[in-house]
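Notes to accompany the following structure.
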Amino acid sequence: MVRMRFPSQTKLLSLLLSFIIICNLVRCETNGSCNQKDKQILLCFKHGLTDPLGMLSSWSYKEDCCEWRGVHCDFNGRVTELILPCDAYENKTRCLSGELDLSLFELEFLNYLDLNNNDFKSIHLSLDCQNMLLVNTPHRSRNFSNIVYLDLSYNHNLVVGDLRWLLRLSSSLEHLILDSLNLHKQTQWLQILVMFPLLSELSLRSCQLESASPSLQYANFTSLETIDLSNNDFFSEMPIWLFNLSSLSYLNLGYNRFHGQIPETLGNLSSLKFLSVSSNNLTGNLPESLGKLSNLEELFLDRNPLLSGVVSERNFAKLSKLQVLLLDSPTFVFDFDFQWIPPFKLTDLVLGYADLKHLPWLYTHKSLISLVIKKSIFKNDSEEMFWSLANNCPHLSLTDNNMPWDMSNVVLNSEIVILNRNGLSGGLPRLTSNVSVFQISDNNLSGSLSSLLCQNMREQSDLKYLDVSNNSLSGELTECWGNWNSLIHVDLGRNNLTGMIPHSMGTLSNLSSLHIYNNKLHGEIPVSLKNLPKLVIVNLGRNKISGNISNWMGKDIKVLQLRSNEFSGDISLQICQLHSLLVLDLASNRLTGTIPHCLHNITAMISNNTLESDEFTIVINFKSSFLNGIDFSMSYSYRIKVPLLAKGSDLNYYKYMRVIDFSNNHLSGRIPLEVFNLTALQSLNLSQNELIGTIPEEIGNMKALESLDFSNNTLSGEIPQTMSFLSFLGVLNLSFNNFQGKIPLGTQLQSFSNLSYMGNPQLCGTPLIEQCNHNEAPDDCDTNLMENEEEESEVMQWFYMGMGVGFATSFWIVFGTLLFKRTWRHAYFNFLYDVKDCFMNSTLLAENLSVR
């Protein structure tokens with residue numbers, strides 16, 4: 001017989017529901033019972049902030065502070081956590097800024113404070129907050145926070161003049177993260193921080209610290225496990241006290257100027273899992289104690305060019321847990337036993353200045369995720385074995401090596417393949433569908449693109465980044481682009497490619513960046529490129545492309561470089577519709593007509609706002625599982641360089657300049673006034689054209705100008721005084737025009753050499769040898785005399801002018817009356833006849849008297 005359990009189950013369910021209801025009631029009650037003192041402290045903190053996006057809009061006195069954004073409370077309504085990081089990493093105008101008020105640390109139950117990546121400017125205790133606390137809480141009963149976790153990192157503009165405010169906290173602090181704060185004035189930072197004996201994590205990366213107290217023997221950190229002092233300005237031997245912290249598991253001293261040897265006391269750090277001394281000036285041999293760190297998992301010894309000595313298996317014999325190794329120095333001597341099999345399995349390996357014939361153990365690492373080898377020597381007889389190892393690595397980077405291998409028959413399988421500057425020869429290798437990034441620039445490759453682009457692939461390619469620039473590739477561009485729709489960036493520059501741009505490139509719907517500069521292409525640009533909605537950068541300079549600059553451009557282009565081709569006709573007005581355009585380079589073509597008056601419609605050249613998008617970056621995310629069945633994710637960012645002829649030099653920019661270059665064409669007419677409305681423009685080159693007219697005063701509005709070239713035209717008139725206001729101007733060329741008069745005074749214009757003004761015969765003044773006649777400064781008496789003469793001259797000018805006007809007015813009154821009134825006219829002429837008769841009679845009488 002089966003017993004029925006429904007009553008007991010019903011009772012249990014009832015009890016469970018009752019418990020849930022009670023918990024919810026308690027929760028609701030606590031959520032509605034925010035502590036008033038805590039609320040006032042938070043509102044006082046908010047009062048000193050600038051909040052451009054309204055992150056703290058929910059922080060209202062009428063609302064429960066436990067429901068405010070970023071605030072977390074316990075069951076008693078006391079604030080325990082405040083978490084308000086900013087997620088904007090470049091444009092901090094969206095983040096909280098202003099003053100970080102120390103009243104926050106009077107939140108008695110606060111144990112977690114995260115304000116990282118904001119834009120605080122200072123730390124202080126405001127008088128208003130202090131008075132509020134004194135009124136509401138007598139001093140004898142005030143308690144300070146028991147903060148365990150404090151993160152103020154990446155507030156880049158926060159200059160901390162004194163760290164003693166940390167002493168307001170209790171000794172319970174365990175995690176202190178102050179990365180990228182300006183602590184350059186702190187010479188006693190260590191003496192303050194040792195007051196927190198429970199500290200387990202200390203991160204002071206990129207804080208401009210200069211003193212690490214290198215001679216101090218011991219520091220009172222009994223629980224410190226992680227310390228990051230990387231990327232500071234330490235210039236000393238490595239601090240002694242660091243190597244007496246036996247509890248350390250993470251030590252990062254990279255990117256400083258530490259010198260001297262790595263001490264043997266390194267062996268005291270038996271718990272160490274991570275050690276980095278990258279990019280210092282360390283010397284001498286590796287300490288023997290390094291090989292005793294049996295818990296070490298990651299070791300960074302790279303970029304210390306003076307580290308020397310023999311490196312052998314003895315340095316790594318007991319490092320059985322090692323997974324990451326970075327090892328390079330031109331003075332290392334590698335001397336490994338050819339039979340040695342490492343006790344560790346590396347996932348990441350970086351080698352430099354090595355001869356691979358001395359590293360046979362390299363081929364035992366079948367689980368590598370990342371393999372980077374630079375400035376090393378590769379054996380000719382180990383090609384097949386090496387590519388077998390490399391193709392199992394998702395990330396493969398080989399740069400600046402002595403590697404004269406023929407790549408014609410190589411098949412590459414890694415998801416990221418970087419093979420720049422190795423002396424590779426032969427034709428292009430083939431790629432599997434796994435490859436997402438392929439760079440093989442600056443080698444000696446020859447042959448056509450067909451061997452790469454027209455291969456038969458079993459699966460759809462995932463290639464996003466292709467760079468085969470600066471080789472000796474030849475032939476046409478082929479019509480096989482339809483197989484590579486995933487491409488985001490294509491760089492075929494500096495080769496010997498011929499023919500026309502194929503229509504099939506218009507199928508690359510994801511393409512953002514196209515570079516086919518310095519080749520031998522001809523013909524017109526196909527209209528199919530307008531089908532590329534994501535195209536942002538186009539560099540087709542230094543070819544023989546012809547036709548008009550017309551209807552193939554998409555509306556979102558930011559960089560358009562077509563210099564040194566054979567384009568002709570007028571500059572298309574369609575360019576004025578490219579509102580995002582930052583670089584417009586049409587130099588050295590056969591363009592005619594006038595400069596378009598609509599250039600002021602290019603709003604990106606007017607706005608002075610610095611945007612994150614001004615730096616063109618390709619982010620490639622992918623997840624792989626082909627390595628021994630292990631899943632892992634990678635994300636890589638690639639900055640795209642924009643080569644420009646600006647400031648008189650060939651420069652590579654990763655963050656866009658705002659540039660217009662129409663030089664060396666046949667443009668005529670005046671420079672449109674609208675050009676001088678482009679107030680964010682940084683470089684303007686209109687040289688070697690047939691332009692006429694003057695430079696208007698409005699050029700003074702272009703305060704961002706760094707380079708200006710109007711040379712070799714027929715411009716005339718005086719150089720406007722407003723040009724002296726262009727304080728960023730570093731390059732100026734007004735030579736070989738018809739400018740006249742005095743070069744305006746101002747340190748900016750006088751700072752250039754006479755070459756900036758030569759070829760203008762009627763121009764005078766510094767820095768030219770020809771001085772203006774009125775250029776000498778008179779003394780005080782002469783000055784007063786000149787001023788009086790000028791005043792008198794001005795009065796006389798007005799007198800003569802008035803006299804002339806009066807004479808003319810009187811003449812027309814008399815003459816007009818005689819002209820239109822007959823009786824007056826007859827009377828006037830009768831009067832004249834009478835005067836004449838009287839004059840004649842008087843003359844005759846005088847003659848008779850003289851005869852008598």
**Prompt:** Which percent of the Cα-Cα distances in region 185-268 go past 18 Å?
**Reply:** 37 percent
**Prompt:** Solvent-accessible area per residue for region 270-418 at a 1.4 Å probe radius, Å²?
**Reply:** 40 Å²
**Ranked packing of 674-684, 58-68, 592-602, 732-742, most packed first, by mean Cβ within 10 Å** = 674-684, 732-742, 592-602, 58-68
**Request:** Provide the gained length on full extension for the span Met500 to Glu383, in nm with one decimal, where the gain is 0.36 nm per separating residue minus the Cα-Cα distance.
**Result:** 38.4 nm
**Asked** Given Lys534/Lys703; Lys318/Lys366; Lys379/Lys464, which pairs have Cα atoms separated by over 27 Å?
**Response** Lys534/Lys703; Lys379/Lys464
**Message:** Report the per residue volume, in Å³, of the convex hull enclosing the C-alpha atoms of region 428-527.
**Reply:** 84 Å³
**Asked** Hey, which lysines would be in cross-link range of Lys46, C-alpha to C-alpha under 30 Å, not counting anything within fewer than 8 residues on its own chain?
**Response** Lys37, Lys62, Lys92, Lys121, Lys185
**Per residue, in Å², the accessible surface of region 532-609 once ligands and nucleic acids are set aside, probe 1.4 Å** = 36 Å²
**Message:** For region 32-116, what does the relative contact order come out to in percent, with C-alpha contacts under 8 Å and a separation of six or more?
**Reply:** 37 percent
**Message:** With a 1.4 Å probe and all protein chains left in place, how much of the accessible area of region 454-560 comes from carbon and sulfur atoms, in whole percent?
**Reply:** 43 percent
**Item:** Alpha carbon centroid spacing (whole Å) that separates region 700-766 from region 395-457
**Value:** 50 Å
**Asked** Over region 421-474, what is the relative contact order in whole percent, taking alpha-carbon pairs under 8 Å and six or more residues apart?
**Response** 46 percent
**Message:** Check which residues have an amide H placed less than 5 Å from Leu521's amide H, if you skip close sequence neighbours.
**Reply:** Lys544
**Message:** Give me the percent of accessible area attributable to carbon and sulfur for region 677-717, probe 1.4 angstrom.
**Reply:** 42 percent
**Prompt:** ³J(HN,Hα) across region 458-466 via Karplus (A = 6.51, B = -1.76, C = 1.60, θ = phi - 60°), whole Hz, x for Gly/Pro?
**Reply:** 6, 10, 5, 5, 10, 5, 10, 10, 10
**Item:** Derived scalar couplings ³J(HN,Hα) [region 288-295; Karplus, 6.51 cos²θ - 1.76 cosθ + 1.60; whole Hz; x for Gly, Pro]
**Value:** 4, 5, 4, x, 9, 7, 5, 9
**Request:** Take the Cα pairs of region 159-215, get the Kirkwood Rh, then feed it into Stokes-Einstein at 4 °C and 1.567 mPa s and tell me D in µm²/s.
**Result:** 110 µm²/s
**With every protein chain in place, region 340-392: carbon and sulfur % of accessible area (1.4 Å)** = 54 percent
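The values are calculated or read from the model by the stated rules, or taken from the named source; none is laboratory data. If you're wondering where the values come from, they're calculated on a predicted model, not measured in any experiment. Here the Cβ is made from the backbone with ideal geometry for all residues, glycine too, and neighbour counts use every protein chain on show. Just so you know, the surface numbers come from the protein's heavy atoms only, side chains and all, with ligands and any DNA or RNA stripped out. Shrake-Rupley method; radii C 1.70, N 1.55, O 1.52, S 1.80 Å.
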